[in-house]
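Coordinate-derived values only; no laboratory data. These numbers were taken from a predicted model, which means no experiment stands behind them. Because the Cβ atoms are built from the backbone with ideal geometry, glycine has one as well, and the counts that use them run over all protein chains shown.
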Amino acid sequence: MLSDLTWTNLALVQVSQKEIALLHKDANDVLMALGDFRLRFRGQDACVIDGVDLSVARGEVLCIVGESGCGKSVTAMALMGLLPSGSAEISSGTLRFDGETVDLTRDRLSSERRGGAMAMIFQEPMTSLNPAFRIGDQIAESVLQHRGGSKEQARDRTLEMLRRVGLPSPEARLRQFPHQLSGGQRQRVMIAMALANDPKLLIADEPTTALDVTIQAQILELIRDLQRERGTGTILITHDLGVVAEIADTVAVMYGGQMVERGPVAQIFDDPQHPYTIGLMESVPRLSGERARLTTIEGSVPSIDKMPEGCRFRTRCAFAVAACAERPALRDVTPGHAAACHFVPLEQHLRVAV
Amino acid sequence: MLSFFLRRLLIAIPTIFLISIFVFGLQKLLPGDPLLVLAGEERDPAVLEFLREKYRLNDPIPVQYMTWAGNALRGDLGISLRTNQPVTELIAQKLPVTLQLAMMSLIFAVVIGVPAGILSAYRKGTMVDWVANVVALSGLSIPNFWLGIMLILLVSVKWQLLPASGYVPPGEDLWLSIKTMLMPAFVLGTALAATLMRHTRSAMLGVLTSDYVRTARAKGLSERKVVLKHAFRNALTPIVTMTALLFGELVAGAVLTEQIFTIPGFGKLVVDAVFNRDYAVVQGIVLVTAVGFIVMNLLADMAYVLLNPRLREA
Ligand SMILES: Nc1ncnc2c1ncn2[C@@H]1O[C@H](COP(=O)(O)OP(=O)(O)O)[C@@H](O)[C@H]1O
Ligand code: SF4
Ligand SMILES: [Mg+2]
């Protein structure tokens, strides 16, 4: 159970061991690295994504958090090579994934990897399955595409995956159409489809946002179990910091198309450095269980044409000073933990202030 | 699903009833006494009265209608005032000619219009899309008679590749029959291809941005599979519906083309009948055409249900 105390403690111990390993990860352990990614949509003045770096090690769970509209989905789509080629203009960005290097300004992830070694679960389970085809055929199609083999083998694999994601009476499901399934069931099908080819990297973009609250925990638990079972590197995009605390190894915080802070989960929760992260932490119940003030960050994300120069958070930041018109670099606080604010590391500045 | 079809059929019956009243009523309102046609120069009142009695024109109108409708139900649409042939026979002779023309035109329309629509939707906003739209618009604006005459002059007269006119039944010489009808079918088909292209384009635009098309791409499928399987399958419903309705329009719209290529089809029958005030024939033709439209509509509805798993499995 998610709320089981002993389990949580055990998990924390596991996580911290993993954390140590992750800190010392050498180049070979890096499964996916996205470097200096910049993108604008045609007709816009400013970049929607403005210099984002991300990396995921084999077996690592990276959570990306941030208010909606800050570019999480666009970043995920860019990794998968799913951005519309007509309107998305990528001015810089290199993707290294599992031995392959892709210059995103000219290319996208090869279709052999897409849906194979890298797979994605979307935010919209209700509309992500093709209404015209049977569930079984839609999963089997992906299996055939990447593993080849006979139709029977693909069908067996499909059945195995439907069982694994916990759909009741999987044999009957094979022949059903999407409209015969509930939202939660459809998301299970999407998960089965994404994991059918044993991906090395799984991207889940707010996989539970569109679902009933009662179903959300089940789906997340399923993703977490499958991830642990197979050691799949995972990027989980979520609003839910409670979920982050449960399953993340590392956390990346995005604001206005920039990476403002990233680090091991414990540090992000216990020692957030960026004013935006601090604001986020205050707007949710704390890890320890006692409910903190539910303050939210004042105001809202400016639209892309109103984005300020320099630190994009400065229209809402309580600490903003004139120097913030200059873009702060992502600076290390401790090894593996970095934040993009002129006042980082905070403690040092606070001490000076005292 | 079965109950849906039954319901549609039940709606068709009163529709046909209304149409038959309309067809019959129009006849009565039209100026000109059909008997004058029949009697020719003969204006002898006694003769006219005899004919009136013979064709039961002295009965009250509802009785006349009942007689006419009852006969029509039994397949008897009366006698042509001009040729004395049964109308049903006339129609049965000419309809297959026009159906062949319509079928061949439809093949042209589908083969040109659907791929062009898919391509222009997929390449929306590019040169390809632009060219397809300009060509489609030209196709719609160029009058059929002009295109027909040009084709005859060029292909038949100058290059002598295809026969300029006439009709050969497929049973006699299939290949020659197809060859003879190639140009008229092309003329009729291109105009429809333009309509079909625009419909295909808009249907495809609707589905190409859908989440399930994104999912298909996320599986690593080829663009061909993404577009032609995952997107097109969902755009198919409006396209098939449209095609079925176009077919009805084709039969009606063949009139002009048949005149240009002197094809002895339905269209020629209509024109001759109207000019000759051969009212029984006109009535029969309108009724058969209307019923044909209703049947095509019914087929379109069925296709709609059969193509939709949501409706089919209900
Ligand atoms: N296809 C598109 N064309 C233009 N703007 C887009 C497109 N997709 C996303 N955007 C814009 O990019 C920004 C980031 O969106 P997104 O990545 O979806 O945010 P989120 O963090 O909520 O997932 C938003 O301002 C959104 O309006
Ligand atoms: S750089 Fe300035 S505006 Fe940006 S977060 Fe830090 S203090 Fe706030
Ligand atoms: Mg999103």
Next item on the list: Would you calculate the separation in nanometres between label points at B:R312 and B:D59, each defined as 7 Å from the Cα along the Cα-to-beta-carbon direction?
Entry: 4.8
Check: To the nearest whole number, what is the average tally of beta carbon atoms from other chains within 10 Å of the beta carbons of peptide B:201-213?
Finding: 2
Item checked: Amide proton proximity set for A:L31, modelled H, under 5 Å, gap of 5+ -> A:V56, A:A57, A:R58
Check: Leaving out same-chain residues fewer than 8 places away, which aspartates and glutamates sit with a Cα under 15 Å from that of B:K28?
Finding: B:D59, B:D278
Next item on the list: Under 9 Å from the Cβ of A:F133, count the other residues' Cβ atoms, weight Lys and Arg +1, Asp and Glu -1, and hand me the total.
Entry: +1
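Can you pull the mean other chain C-beta count within 10 Å for peptide A:135-148?
2
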Check: To the nearest whole percent, what portion of all C-alpha pairs in the protein assembly as shown is separated by more than 39 angstrom?
Finding: 52
Check: Mind checking which of A:A119, A:A210, A:A194 has the largest fluctuation in a GNM of chain A, springs on alpha carbons under 10 Å?
Finding: A:A210
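Of the DSSP beta bridges with both residues in the protein assembly as shown, give the percent that are antiparallel, rounding to the nearest 5.
65
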Checklist line | Rounded to whole Hz, the Karplus (6.51, -1.76, 1.60) HN-Hα couplings of the stretch B:183-189, x for glycine and proline | finding: 5, x, 5, 5, 4, 5, x
Notebook entry, point to check: From the square roots a ≥ b ≥ c of the eigenvalues of the alpha-carbon gyration tensor of chain A, which class results: rounded (a/c under 1.5), prolate (a/b over b/c), or oblate?
Noted result: prolate
Checklist line | aspartates and glutamates whose Cα lies under 19 Å from that of B:K124, excluding same-chain neighbours fewer than 8 positions away | finding: A:E89, B:D211, B:E223
Checklist line | Residues of type lysines that B:K229 reaches as a straight line, Cα spacing below 17 Å, ignoring anything fewer than 8 places off in the same chain | finding: B:K219
Margin query: Just to confirm the filter: which trypsin sites (Lys or Arg not before Pro) across the stretch A:151-242 are DSSP coil and have at most 16 other Cβ within 10 angstrom of their Cβ?
Written below: A:R175
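Test of understanding: ordering B:W130, B:W175 by Cβ neighbours within 10 Å, fewest first, what list do you get?
Values: B:W130 13, B:W175 9.
Ascending number of Cβ neighbours within 10 Å: B:W175, B:W130.
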Checklist line | Cα extents of chain B along the three principal axes, largest first (Å) | finding: 85, 58, 35
